[in-house]
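Asks: The following block contains the structure, expressed as structure tokens.
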Amino acid sequence: MQETPVNRLLPTLVRQLESGTDLHQLTAAAALANARTFGGEDYVGFHTMMALAPALHMAAELPPETRALPVFKVLYRNTNRIQEHGGRTGEVLHVVKPGTPARDRVGGELLREAVRRKDIDGAEATFAALSKSSPEDAFNDLLFAVQDHTEVHRVVLPYRAWDLLGLIGKEQAHTLLRQSVRYCVKAESYSQSETQEQPRLLLPRMLEEHKLLGRSPCQRLAEDVWVEEMSQTIFKSTPEQAANAVAAALAEGMAPAAIGEAITLAANQLILRDMGRTPAGEVTGKPIGSVHGDSIGVHALDSANAWRNMALVTSPRNCFASLILGAYQVALDRTARGGDFLNWQPLPLARHLAETKATEPDALLRELEVAIGGNLQAKASAVVQRYGELGHSPRPVFDLMLRYAVSEDGALHAEKFYRTTSEEFASTRAAYRWRHAVALARVTASEYGRPAPGMAEARSLLKV
């Protein structure tokens, strides 16, 4: 994958499939090629790495004849960027000799100190030593450094690497996770505002003030109304207020899963309420009014999804930290990235709901397809809202949007966002889960009309 010119890649992949290589193996190879080449330091490169696990999950939702398409889509992007980067001659990752961390110190704290010193060699050596224990311990140690800031790629990169390890094997943990170590070190060189520096000061204070250190999460169940109220609190608060609200809820014993729901529902509002890109933000493939790609809402929900998932698979300390920072980041995205989100109305609007007269699922799916084809974000949102209100099966509507997540370019975010919203739909209670499907419908309508490179060739070769 590093050496093959991109115009010869897809025929090679088809031959691999025909010879018995499966999609998991191809994805594992792509992940290692990506890690070796970019080391978490190239914008297109690490976005492509973050798309690998979502593409493999998407493949599992497709019929056998089209299952390879989402994986081929991302592998094509991967090799194309590797070739632009110089192929194997441009490799960033090399063998690293493990250091000897002090045994009387917490490994994550040592790693964080090396990152803050901008000591790439020291951080790499420390993490290599920490990775000798177990993938789980290495992941927990890594998060100490990740939690210093709530920038979207710093947050999502380690989660998507961890998710990928569950699909291709945890023996690759050090290789994939060290990308985040390098990303964090590099990020220390960026100029930071006082707001961007706040998480490293806020988090320890929240953990101490609410006496969360040394505790394990409780599992107090939440009623629907509690989740909705907490979601609104997070959405309407300042970043520090949102963090404090979640820390207090954790101290009261509320279940992390319920708090995670509230955080992602708050982030969902940033998609439903977004007025879209302004003229100043217009670039090729992302026109005025669009909300796909690196929009405020897509980034916010991807981050919230990562924090929620990391909270469920890490140590008690990191569970608490992930949820506190997840709430902080949603509130920061609402207040710091521009826009009057508190006053903008969420989609769908009453007008579009009133215009949606169909009630049968097939008729509504046809309306959705027309809306997506016309880039009608509000109409697509209304159709999916009505579809959910009528109690129809979610699978057909996700199947339709999955088709576009495969076919469209999506400005580096189509696969990841489809996976984010389908995960959140599955993990959110029935009263609120359709908000995530509505968000996906809006983004799908926004991204339509820009076919993904390599897809036409892949369909031709696979005869689908």
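Asks: Regarding R273, is this residue touching a strand residue (DSSP E or B) at 6+ places or on another chain (Cβ under 7 Å), under 24 Å from S381 (Cα atoms), open to solvent by 10 Å² or more (accessible area, probe 1.4 Å) and of a type outside the set (G, A, S)?
Replies: So R273 does not fit the description; no.
Asks: May I pose another question? Among T421, T428, which is among the β-branched types (V, I, T) and closer than 16 Å to D274 by Cβ?
Replies: Of T421, T428, the one residue that is among the β-branched types (V, I, T) and closer than 16 Å to D274 by Cβ is T421.
Asks: What number goes with the only condition from (1) free of Cβ contacts under 8 Å to residues at least 40 places away in the same chain; (2) open to solvent by less than 60 Å² (accessible area, probe 1.4 Å) that N78 does not pass?
Replies: (1)
Asks: Can I ask one more? Scan the stretch 235-275 for residues that are over 16 Å from L301 (Cβ atoms) and of a type in the set (G, A, S) and jot them down.
Replies: The answer is S237, A243, A245, A247, A248, A249, A251, G253, A255, A257, A258.
Asks: Here are some residues: K211, K170. Which one is under 27 Å from A33 (Cα atoms) and open to solvent by 10 Å² or more (accessible area, probe 1.4 Å)? Give the steps one after another, and end with the answer.
Replies: Details: K211 fails: under 27 Å from A33 (Cα atoms).
Answer to the check: K170.
Asks: Follow-up question, since we're still on this one. Could you identify the single residue in V106, V96, V92, V155 that is surrounded by fewer than 21 Cβ atoms within 10 Å (Cβ to Cβ) and touching a Phe, Trp or Tyr at 6+ places or on another chain (Cβ under 7 Å)?
Replies: V92
Asks: Got a number for residues in the stretch 288-298 being closer than 18 Å to L440 by Cα, assigned to a loop (DSSP other than H, G, I, E, B) and open to solvent by 20 Å² or more (accessible area, probe 1.4 Å)?
Replies: Summing the residues that are closer than 18 Å to L440 by Cα, assigned to a loop (DSSP other than H, G, I, E, B) and open to solvent by 20 Å² or more (accessible area, probe 1.4 Å) in the stretch 288-298 gives 2.
Asks: Continuing with this model, one more query. How about the stretch 172-191: which of its residues are over 21 Å from E91 (Cα atoms) and touching a residue at least 24 places away in the same chain (Cβ under 8 Å)?
Replies: We begin by selecting, within the stretch 172-191, every residue over 21 Å from E91 (Cα atoms); these are 188-191.
Across the stretch 172-191, the qualifying residues are E188, S189.
Asks: Quick one: which residue in T37, T66, T100 is β-branched (V, I, T), more than 30 Å from S131 (Cα to Cα) and over 20 Å from the mean Cα position of the chain (by Cα)? Spell out the reasoning first.
Replies: Numbers: T37 fails: more than 30 Å from S131 (Cα to Cα); T100 fails: more than 30 Å from S131 (Cα to Cα).
After applying the criteria, what remains is T66.
Asks: Just for the stretch 432-463: of the residues that are assigned to a loop (DSSP other than H, G, I, E, B) and open to solvent by 60 Å² or more (accessible area, probe 1.4 Å), which one is nearest to R15 (Cα to Cα)?
Replies: Selected residue: K463.
Asks: Within the stretch 308-315, is even one residue in contact with a Leu (Cβ under 6 Å, 6 or more places away or on another chain), surrounded by 19 or more Cβ atoms within 10 Å (Cβ to Cβ) and without any contact (Cβ under 8 Å) to a residue 60 or more places away in the chain?
Replies: Yes, the stretch 308-315 contains a residue that is in contact with a Leu (Cβ under 6 Å, 6 or more places away or on another chain), surrounded by 19 or more Cβ atoms within 10 Å (Cβ to Cβ) and without any contact (Cβ under 8 Å) to a residue 60 or more places away in the chain.
Asks: Among the candidates L32, L13, L23, single out the residue that is closer than 23 Å to G166 by Cα, free of Cβ contacts under 8 Å to residues at least 60 places away in the same chain and not small (G, A, S).
Replies: L23
Asks: Of the conditions (1) at pLDDT 95 or above; (2) closer than 30 Å to R459 by Cα, G86 satisfies every one except a single condition; which number is it?
Replies: Failed condition: (1).
Asks: Scan the stretch 247-261 and tell me whether some residue there is under 22 Å from the mean Cα position of the chain (by Cα), at pLDDT 95 or above, surrounded by 21 or more Cβ atoms within 10 Å (Cβ to Cβ) and of a type in the set (D, E, K, R).
Replies: yes
Asks: A further question on this structure: For residues that are assigned to a helix (DSSP H, G or I) and without any contact (Cβ under 8 Å) to a residue 12 or more places away in the chain, scanning just the stretch 44-68, find the one that is surrounded by the most Cβ atoms within 10 Å (Cβ to Cβ).
Replies: A60
Asks: What are the pairs with Cβ atoms under 9 angstrom where one residue, in the stretch 388-401, is among the aromatic types (F, W, Y) and the other, located anywhere, is open to solvent by less than 60 Å² (accessible area, probe 1.4 Å) and not in a helix (DSSP H, G or I)? Sequence gap at least six, or different chains.
Replies: Pairs found: F398/E61.
Asks: Quick test of your reading of the structure: A426 fulfils all but one of (1) closer than 19 Å to A55 by Cα; (2) in contact (Cβ under 8 Å) with a residue 24 or more places away in the chain; (3) small (G, A, S). Name the failing condition by number.
Replies: Every condition holds for A426 apart from (2).
Asks: Additional query: Inside the stretch 345-364, can you point out the residues that are under 31 Å from the mean Cα position of the chain (by Cα) and crowded, with 19+ Cβ neighbours inside 10 Å?
Replies: If the condition is that a residue be under 31 Å from the mean Cα position of the chain (by Cα) and crowded, with 19+ Cβ neighbours inside 10 Å, then L347, P348, H352, L364 are the ones that fit.
Asks: May I ask you to verify whether A187 is open to solvent by less than 50 Å² (accessible area, probe 1.4 Å), within 22 Å of T314 (Cβ to Cβ), modelled with pLDDT of 95 or more and of a type in the set (A, V, I, L, M, F, W, C)?
Replies: no
Asks: Okay, moving on. Quick one: L201 ticks every box in (1) aliphatic (A, V, I, L, M); (2) in contact with a strand residue (DSSP E or B) (Cβ under 7 Å, 6 or more places away or on another chain); (3) open to solvent by 50 Å² or more (accessible area, probe 1.4 Å) bar one, so which box is it?
Replies: (2)
The values are calculated or read from the model by the stated rules, or taken from the named source; none is laboratory data. Worth saying up front: this structure is predicted, and the values here are computed from it rather than measured. Every residue, glycine as well, gets a Cβ built from its backbone with ideal geometry; the counts of neighbours run over all protein chains shown. Ligands, DNA and RNA are excluded from the accessible area calculation, which covers all protein heavy atoms including side chains. Shrake-Rupley method; radii C 1.70, N 1.55, O 1.52, S 1.80 Å.
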